[in-house]
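What follows is a single structure, written as structure tokens, with notes after it.
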Amino acid sequence: MQIKCLNDLQEKAKQLDATDDLAHKLHEFELPKQQIYLDGNSLGPLTKAAKARAKEVVEQQWGADLIESWNKHKWIGLPKTIGNKIANLIGAEENTVVCADSISVNLFKVLSAALLIQEQGLKQETQQTPPIQNKRTIILSQADNFPSDIYMAQGLSNLLGENRCKLHTVSSKDIEHELQENGDKIAVVMLTHVNFKNGDISDMQAITQLAHQKGALIIWDLAHSAGVLPLELQHCEVDFAVGCTYKYLNGGPGAPAFVYVAKKLQKAIQQPLSGWMGHKQAFAFLHDYEAADGPEQMLSGTPPILSMSILDASLGAFEGINIHQIRHKSIALNGFFQECVEHLMIDDLFELACHPSANLRGSQISYTHPYAYAICQALIAHNVVPDFRAPNILRLGFSPLFLTYEQVFNAARILADLVNKQEYKNSMYQQMKEVT
Ligand SMILES: *Cc1c(COP(=O)(O)O)cnc(C)c1O
């Protein structure tokens, strides 16, 4: 029975691989042989193009062409070049996105800019309209949002004082209710689109519309969405968005993030980290700050060219395919893993910590288990790499560009083997490492 079941699943995996229209993308990645990498949602793998670019940018551009490279190799334009490539993946217009800093830092900029709009009205209106007297001061967010998002709002609240900025969090499911009830006090809604622990997807269109009806501005964090879910920022009339590039965009460890500002707000905002790279004429070296017109006003200091060059090359993996193909395979891999786990009859040993349907969650599956950390370590010892999220979540990510269905089948088979034998109880798997 067990053997037949295994054979049938393996056969199905092979058939799915044979008809996979993204299968050719696997060859653009450099992955350790034998490893099944289910953590592309935390650190996307190296692409061959990135490796070649790293060598070129260090040896030729920095090594030989030196300072001339700012012009010759268009280093100075990288934040916008990359921004426009990312805009394409998130349903944004050209000239609405730049690559800069981290999500955390970008959130500080957009939260401040949004609060200032609510305090003072749009910049061009300020001549005629007197400042609105601090009517809206609340940042509304999800209680289970990514901690750094919450921390940045707390930091801003400490800086400005609670009479100008106050964080209020409610559970994800209550966001719309809170907006309905208290929307007139809310200045900014700051939400993460796909929850990092359970993969829950928030309804971008409906919540954005509701926030606007209530007079609030909205910021979306796209960390677990960009590059793997179809997004329509322009169509949904999103005000601001941020996202990172080292997850599904495969930009490399600590690769710089991105920030989106809707066209209609670009002339109206002021962001507080007003560095020279966001100046209208950076190389005029003027005494007073004047923000650039476009999304480049969100830049602060000198861009990290090595990281940006690598990211720029990595984004080549998205050429020639579309986001709907990616989402289709993401759901199929995710659902197939769940099917394997159910057929191997280990699903009762875990608690599903996400939506039961792969169609309705991000590109990951999460389980809770008292030994989640040890199971994660044991899987890694068997060359299957998921991750652990405190306190008890085993998280497996399915990156459609480089995973095969057969790998997903093997991951489930190895997991079943290990939990059936309770191998995770071995003390070697209990030692907690610094980064999980
Ligand atoms: C990964 C992640 C971040 C990371 O933020 P950085 O400041 O770029 O390190 C932020 N928000 C969410 C939702 C994330 O998943």
DSSP beta bridges in the stretch 60-318, what fraction antiparallel, as a percent rounded to 5?
35
C-alpha long axis of helix 305-314 to longest principal axis of the chain, angle in °
50
Can you tell me how much longer the chain between Lys280 and Asn426 gets when fully stretched, taken as 0.36 nm per residue apart minus their C-alpha distance, in nm with one decimal?
46.5 nm
Separation of the stretch 171-233 and the stretch 53-112 by C-alpha centroid, Å?
27
Compute the angle between helix 372-381 and the longest alpha-carbon principal axis of the chain, please, reported from 0 to 90 degrees and rounded to the nearest 10.
70
Among Ile305, Pro147, Ile90 the positive-end extreme of the charge dipole of the stretch 60-318 (Cβ point charges):
Ile305
Choose one answer from Lys109, Lys166, Lys33: the residue with the largest mean-square fluctuation in a GNM of the chain with alpha-carbon springs under 10 Å.
Lys33
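Using the 2.2 N^0.38 Å rule of thumb for compact globular proteins, work out how the chain stacks up: its C-alpha Rg over that value, please.
Relative to the 2.2 N^0.38 Å estimate, the chain comes out at 1.04.
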Gain on full stretching of the segment that runs from Gln205 to Lys173 - 0.36 nm per residue minus C-alpha separation
10.0 nm
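Show Trp62, Trp276 ordered by accessible area, largest first, where the area counts protein heavy atoms only and the probe is 1.4 Å.
Values: Trp62 135, Trp276 100 Å².
Ranking Trp62, Trp276 by accessible area, largest first, yields Trp62, Trp276.
Averaged across orientations, what area in nm² does the convex hull of the alpha carbons in the stretch 8-151 project?
On the way: hull surface 62.1 nm².
Over every viewing direction, the Cα hull of the stretch 8-151 projects on average to 15.5 nm².
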Tell me the label-point distance for the pair Glu30, Glu59, using the 7 Å Cα-to-Cβ offset, in nm and rounded to one decimal.
1.2
Between helix 323-343 and the chain: long-axis angle, C-alpha atoms, 0 to 90°, nearest 10
40
Looks like the stretch 283-436, by Cα gyration tensor root eigenvalues a ≥ b ≥ c and the a/c under 1.5 rounded cutoff (else prolate when a/b is bigger than b/c, oblate otherwise), is prolate
Please check: in the Gaussian network model of the chain (C-alpha springs, under 10 Å), which one of Val408, Val110, Val170 has the largest mean-square fluctuation.
Val170
For Ser104 and Lys263, compute 0.36 nm times the residue count separating them, minus their Cα-Cα distance, and round to one decimal in nm.
55.0 nm
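Mind putting a number on the dipole of the chain about its Cα centre? Charges go on the C-beta only, +1 for Lys and Arg and -1 for Asp and Glu, and I need it in Debye to the nearest 20. Spell out each step's value before the answer.
Working: 37 positive and 47 negative charges, 91 e Å.
Value, rounded to 20: 440 debye.
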How high is the relative contact order of the chain, in percent, counting Cα pairs under 8 Å that sit 6 or more residues apart?
22
The stretch 1-32 to the stretch 364-436: how many Å between their Cα centroids?
19
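Taking the radius of gyration and the Kirkwood hydrodynamic radius from Cα positions alone, what is the Rg/Rh ratio for the stretch 60-318, to two decimal places?
Working: Rg = 18.1 Å, Rh = 18.7 Å.
For the stretch 60-318, the value is 0.97.
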Please name which of Val194, Cys354, Pro256 has its Cα lying farthest along the dipole of the chain towards the positive end, using unit charges on Cβ (Lys, Arg +1; Asp, Glu -1) and the Cα centre as origin.
Pro256
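Let me have the relative contact order for the stretch 260-399, percent, based on Cα pairs under 8 Å that are six or more residues apart. Mind showing how you got there, number by number?
On the way: 138 pairs, mean separation 21.3, N = 140.
Relative contact order comes out at 15 percent.
Could you tell me the relative contact order of the stretch 322-436? Use alpha-carbon pairs under 8 Å, at least six residues apart, and round to a whole percent.
RCO, the stretch 322-436: 31 percent.
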³J(HN,Hα), Karplus 6.51/-1.76/1.60, whole Hz, each residue of the stretch 244-258, x for Gly, Pro:
10, 10, 8, 8, 5, 8, 6, x, x, x, x, 4, x, 8, 10
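How much FRET efficiency would the formula 1/(1 + (r/R0)^6) give for Cys5 and Ser357, where r is the Cβ-Cβ distance and R0 is 22 Å, rounded to 0.05? Don't jump to the answer; show the numbers that get you there.
On the way: r = 22 Å, r/R0 = 1.02.
Working from the Cβ atoms, E equals 0.50.
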Antiparallel as a % of all DSSP beta bridges within the chain, to the nearest 5?
50
So what is the calculated 222 nm ellipticity per residue for the chain, using -39500 (n - 2.57) for each DSSP H run with n of 4 or more, over all residues, to the nearest 500 deg cm²/dmol?
-10500 deg cm²/dmol
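The values are calculated or read from the model by the stated rules, or taken from the named source; none is laboratory data. Remember, it's a predicted structure, so these values are computed and weren't measured experimentally. Positions of Cβ are backbone-derived with ideal geometry, glycine not excepted, and every protein chain shown enters the neighbour counts. Surface areas here come from the heavy atoms of the whole protein model, side chains and all, with no ligands, DNA or RNA. Shrake-Rupley method; radii C 1.70, N 1.55, O 1.52, S 1.80 Å.
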